[in-house]
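The values are calculated or read from the model by the stated rules, or taken from the named source; none is laboratory data. As the structure is a computational prediction, the values presented were derived from the model and not from experiment. Note: ideal-geometry Cβ built from the backbone for every residue, glycine included; neighbour counts use all protein chains shown.
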Amino acid sequence: MGGRFLSIGECMVELSQAKDGHLRKGFAGDTFNTAWYARACMPQDWSVDYFTALGDDAMSDEMLDFMGAHGIGTANIRRLLGKTPGLYMINLKDGERSFSYWRDSSAARQLAADGDQLRTAIEASDVLYFSGITLAILSHEDAETLLAELRRAKAIGKLVAFDPNIRPRLWSSLDAMHTLIGEGARASTLVMPSFDDEAAHFGDDSIAGTIRRYRQHGANMVVVKNGPEGATIGTDAGETLVPAVKVAKVVDTTSAGDSFNGAFLADYLEHDDPIAAAHFAAVIAAKVIQEHGALVPPEKLQTAD
């Protein structure tokens, strides 16, 4: 039986490297990337929708058309007069990426300003997904509005999934970052952190420590991604390591974690088996990092069964 998957966050204009020094334009952003891979991996009886805010400019129009053309619902997207989407550029060296951002006036910073619209969208959905970046770009008041609605959804039994996706430069202070990441975990049933982020910014000395900390915040399940070392699933039943899929050459890791999250959620929602879901997600992520850009076309993922 299908349902409604809602991903909440910011989609941006992406500039990535192409041949001969040219740049390729696309659309991406952590929670949108996850929605993309969830849509690619979910059966058709599931809908995938995106919740954000965009401007009234031509680039916002183009972004909406792109989402709709690829099966991602846009009915929950607010349009704000005089605003535009954010933009970022990917800089690649030996397959590893760094980013340059232009997002200070992004419309998405006001995605939770209309609390009634936010509540309506969440109430209509079965599964919610958000990230630390979602929280970081919002005002404190709007972040609290979003968290309150997510806590409400969790309390009535909806699956709320959260990737802390820690980006210190987006936060007003480290204290604010630590506090709201913790509040994000408390609002969630499933937390999907990356161990390198957690070690660097929370001082975790082991994956077990990361799992324990987020479980203490109230998450039922924690799936810790650790790059080529694989992913570790922590539940009441204990911890299980699922190895990564080895690849001959890493081309672009931009969407490694986002694709893992989307594929994991798609498989887990269909089969209710987190270990099998992590194996499936590892295969998808391995395919993604062998391609350029954040969004790999679904037809290039189809051999992962």
In segment 25-40, how many residues are touching a Leu at 6+ places or on another chain (Cβ under 7 Å) and surrounded by fewer than 24 Cβ atoms within 10 Å (Cβ to Cβ)? 3
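Might you check whether a residue that is more than 21 Å from ASN165 (Cβ to Cβ) and among the hydrophobic types (A, V, I, L, M, F, W, C) occurs anywhere in segment 124-147? Break it down into steps so the answer makes sense when it comes.
Taking segment 124-147 and keeping what is more than 21 Å from ASN165 (Cβ to Cβ), we get 124, 126, 141.
Now narrow it down to the ones that are among the hydrophobic types (A, V, I, L, M, F, W, C): 124.
Yes, some residue in segment 124-147 is more than 21 Å from ASN165 (Cβ to Cβ) and among the hydrophobic types (A, V, I, L, M, F, W, C).
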Test: SER188 is more than 20 Å from ALA136 (Cβ to Cβ) and polar (S, T, N, Q): no
Test each condition in (1) surrounded by fewer than 17 Cβ atoms within 10 Å (Cβ to Cβ); (2) in contact with a Gly (Cβ under 7 Å, 6 or more places away or on another chain); (3) not in a loop (DSSP other than H, G, I, E, B) for ASN91 and report the one that comes out false. (2)
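If you check GLY257 against the conditions, is it of a type outside the set (Val, Ile, Thr), part of a helix (DSSP H, G or I) and modelled with pLDDT of 95 or more?
yes
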Residues located in segment 40-61, provided they are in a helix (DSSP H, G or I) and touching a residue at least 12 places away in the same chain (Cβ under 8 Å): ALA40, CYS41, MET59, SER60
Do we have any residue at all in segment 105-117 that's part of a loop (DSSP other than H, G, I, E, B), surrounded by 19 or more Cβ atoms within 10 Å (Cβ to Cβ) and small (Gly, Ala, Ser)? yes
Residue satisfying all of: in segment 205-235; without any contact (Cβ under 8 Å) to a residue 12 or more places away in the chain and part of a loop (DSSP other than H, G, I, E, B); surrounded by the most Cβ atoms within 10 Å (Cβ to Cβ) among these: SER206
Filtering segment 62-83 down to residues that are in contact with a strand residue (DSSP E or B) (Cβ under 9 Å, 6 or more places away or on another chain), without any contact (Cβ under 8 Å) to a residue 24 or more places away in the chain and among the small types (Gly, Ala, Ser) yields none
Report, by residue number, each residue of segment 6-39 that is in a helix (DSSP H, G or I) and farther than 27 Å from LEU170 by Cβ. LYS19, ASP20, GLY21
ILE284 fails exactly one of (1) surrounded by 15 or more Cβ atoms within 10 Å (Cβ to Cβ); (2) not in a helix (DSSP H, G or I), namely (2)
